[in-house]
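Colleague: Starting off with a structure, shown below.
Every read-out reported here was derived from the displayed coordinates using simple, explicitly stated rules and does not represent laboratory data. Fair warning: this is a prediction, and the values are worked out from it, not measured in the lab. Glycine also receives a Cβ, built like all others from the backbone with ideal geometry; neighbour counts cover every protein chain displayed.
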Amino acid sequence: MPYLLILGARSDIARAVSHRFARKGLNLCLAARRYEEADRDAKDLEIRYRIRVMTREFDALDFEGHESWYAGLPEKPLGVLCAVGFLGNQKKGETNLTEAKKIMETNYLGCVSILNVIANDFEERKAGFIIGISSVAGDRGRQSNYFYGSSKAAFTAYLSGLRNRLCRVNVRVITVKPGFVRTGMTEDLELPAMLTSSPEEVARDILSAFEKGKDVIYTKWYWKYIMAVIKIIPEKIFKKLNL
């Protein structure tokens, strides 16, 4: 059964992406910590789009178990979407190493751990694709979320290196950099309405990037230019800004 493996399948963006790919007739495997809740999504997707959907329990922080977890899949996927993410609490992380560590391990090390296993399989098969959801927060560190931002910066660099490695064996790696998105993860934040996307809009851009063969996308598109401006602000000025 050819299928797309979705890691972090219970996130709002991942759920929206699952509908986009399901409409195209692609079977799915929804992998999440709360996989019982993913079962409800799986049944809905199967009925709505007449595809096959598996569910699997997956913990991004179970580093030692990732290799055996992937080996235990009934067959290997056509591709993978890594939508694992944790915003965490920046203020708490400044005085609590456990919180800071959880933010960085979830957004970076956990993703790297499982994607290394998958990348090795795809490289051996000389086929496959990896879609990694990073963030514009990784383009420049800001006082409001630099634990999250630094982990996303590392993930962006990792995906870039992986793309450079795997392009030679016909394996695609797509980096997705969303800006503000209305999700459960950001429900307590005051986000600017004009700069905030819905998960469905992000999913639309991800599918478009996949179909058009793009390597890196910002979503919505204007974040590419917003971040270009932010990145060129001199450090003397930038460090004084309340961002």
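Colleague: With Gly110, Gly72, Gly93, Gly88 as the choices, which residue is at positive phi and out of contact with any strand residue (DSSP E or B) (no Cβ under 8 Å at 6 or more places or on another chain)?
Modeller: Exactly one residue qualifies, and that residue is Gly88.
Colleague: May I pose another question? Which of the strands (runs of 3 or more DSSP E) found entirely inside segment 1-117 contain at least 1 residues meeting this: surrounded by 14 or more Cβ atoms within 10 Å (Cβ to Cβ) and over 16 Å from the mean Cα position of the chain (by Cα)?
Modeller: By residue number, 3-7, 27-32, 53-57.
Colleague: A further question on this structure: Restricting the first residue to segment 20-31 and requiring it to be within 16 Å of Ala203 (Cα to Cα), which pairs with a second residue that is among the polar types (S, T, N, Q) meet a Cβ separation below 8 Å and a spacing of at least six or different chains?
Modeller: Note: pairs meeting the criteria are Leu28/Ser18; Leu30/Ser18; Leu30/Thr55.
Colleague: To continue, here is another question. Given (1) surrounded by fewer than 17 Cβ atoms within 10 Å (Cβ to Cβ); (2) among the aliphatic types (A, V, I, L, M); (3) touching a residue at least 40 places away in the same chain (Cβ under 8 Å), identify the lone condition not met by Ala228.
Modeller: Status for Ala228: all satisfied but (3).
Colleague: With respect to Asp205, is the statement that it is among the acidic types (Asp, Glu) and surrounded by 14 or more Cβ atoms within 10 Å (Cβ to Cβ) true?
Modeller: When the stated conditions are applied, Asp205 passes them.
Colleague: Scan segment 133-179 for residues that are touching a helix residue (DSSP H, G or I) at 6+ places or on another chain (Cβ under 7 Å), among the aliphatic types (A, V, I, L, M) and either part of a helix (DSSP H, G or I) or more than 25 Å from Glu211 (Cβ to Cβ) (or both) and jot them down.
Modeller: If the condition is that a residue be touching a helix residue (DSSP H, G or I) at 6+ places or on another chain (Cβ under 7 Å), among the aliphatic types (A, V, I, L, M) and either part of a helix (DSSP H, G or I) or more than 25 Å from Glu211 (Cβ to Cβ) (or both), then Val136, Ala137, Ala153, Ala154, Leu162, Leu166, Val169 are the ones that fit.
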